[in-house]
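Below is one structure, written out as structure tokens, with a few remarks after it.
Values in this text are rule-based calculations from the coordinates and carry no lab data. Just so it is clear, the structure is predicted and the values come from calculations on it, not from any experiment. Neighbour counts run over all protein chains shown; Cβ positions are idealised from the backbone, glycine included.
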Amino acid sequence: MTRATIILVVIVVSSIQTAIAQDDIVPLKLIRALPVEGPENNQPSGLTILRDTLFAVSDKHDDTIFRIELKDDRAVFVPHLKFEAPGFLSFRLDLEGITCDAEGNFYLVSESSFRILRISANGKHVTWMTESLRSVGEQVGLFQTRGAYLEGITLLGNNKFLVCAERQPRGLIEVNTNDKSQEVKAFNYNDTRLSLLEGRKADFTGLFWEDQELYALQRGATAVCKLVYGGEKVEERDVWSYQHIVDSEELRYESMEFGRGEGLCLDRKRVYVILDNNNDPRALYPDDRRPLLLIMERP
């Protein structure tokens, strides 16, 4: 890529909206909770859907896009594409998000490099779509907390991406990219807290774009919300909670710090959230350290 032309829009939002009333939060209905099996040290970090098939990445496996096979009693990570990021000299990519286009090309966000990586549908062409977004985010106050950098990605269309800065503060970065330029708009949401997030840090851990609507996964709130996003207007609507599911006696993990949500996607009837339990065991089943894939009815 030639040297990018970067357009930076600095917006720090002091509040997103008035507090969300508890009555406005819709509890999601669980269809299935499937333990996730796959490679050793399998820690899911991103989720997407293409032609009714789920795909995922792990922040512990830098060279693989996984296809998820759904069984009656489990979900299985099956290697779908193997790849090698060009010219990457860091210890690891630390993949934290995945999205795709209609042709089957995949786009991954690397937390350690602050860049977007493109893998062609056949896996033969692997290219960086962007330069590092770190300095752009830092100029608006993002990326202040180590380990809370870029966390999710979604394709808005026509080489236009949205990636999220996880927390403290959380934010969104819009990227328009082509062979000759890279235009970036960065938005800092100033770690805004709603009643929904009381006692927890506000965050974004996953994004999903569908039919001109943006959905965000909030691990700290254990919820999915529709995010009305455009220019300076940002508003959280249609909050769907899955907290009662992950806190249930059957499913909860020993440490409530983990297992809260790393990847999000939707289809017409279902909401999919994949959990990363950081190898923590389930409370009722101390020998079971598998992550979980939640398949829930779409409200």
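Descriptive notes on the structure:
- Residue-wise HN-Hα couplings along the stretch 162-175, as the Karplus relation 6.51 cos²θ - 1.76 cosθ + 1.60 with θ = phi - 60° gives them from phi, are 10, 10, 10, 8, 5, 6, 6, x, 8, x, 10, 10, 9, 10 Hz; Gly and Pro carry x.
- Amide H contacts for Met129 (H built 1.01 Å from N in the peptide plane; partners 5 or more residues away or on another chain; cut-off under 5 Å): Ile116, Leu117, Arg118.
- Length-normalised contact order of the chain in % [C-alpha pairs under 8 Å, at least 6 apart]: 21 percent
- Ordering of 46-58, 128-140 by packing is 46-58, 128-140, highest average first (other Cβ atoms within 10 Å, averaged per residue).
- Anchor Lys71: lysines whose Cα lies under 21 Å away (excluding residues fewer than 8 positions away in-chain): Lys29, Lys269
- For Ala223, the residues whose amide H sits under 5 Å from its own are Gln218, Tyr242, ignoring neighbours fewer than 5 places away on the same chain, with H placed 1.01 Å from N.
- Residue-by-residue Karplus 3J(HN,Hα) for the stretch 125-130, coefficients 6.51, -1.76, 1.60, Hz, glycine and proline x: 10, 10, 9, 7, 7, 9
- Residue by residue, the stretch 138-153 carries 3J(HN,Hα) couplings of 5, 5, 9, x, 7, 6, 8, 10, 4, x, 10, 9, 5, 10, x, 8 Hz when phi is fed to the Karplus relation 6.51 cos²θ - 1.76 cosθ + 1.60 (θ = phi - 60°); x denotes Gly or Pro.
- Measuring between their Cα centroids, the stretch 142-173 and the stretch 249-299 lie 22 Å from each other.
- In a reduced charge model with +1 at each Lys and Arg Cβ and -1 at each Asp and Glu Cβ, the stretch 10-297 shows a dipole moment near 340 debye about its Cα centre.
- Remark on the stretch 10-297: ratio of C-alpha radius of gyration to 2.2 N^0.38 Å is 0.94.
- Less than 5 angstrom separates the built amide H of Gly97 from those of Val109, all sequence-distant by 5 or more or on a different chain.
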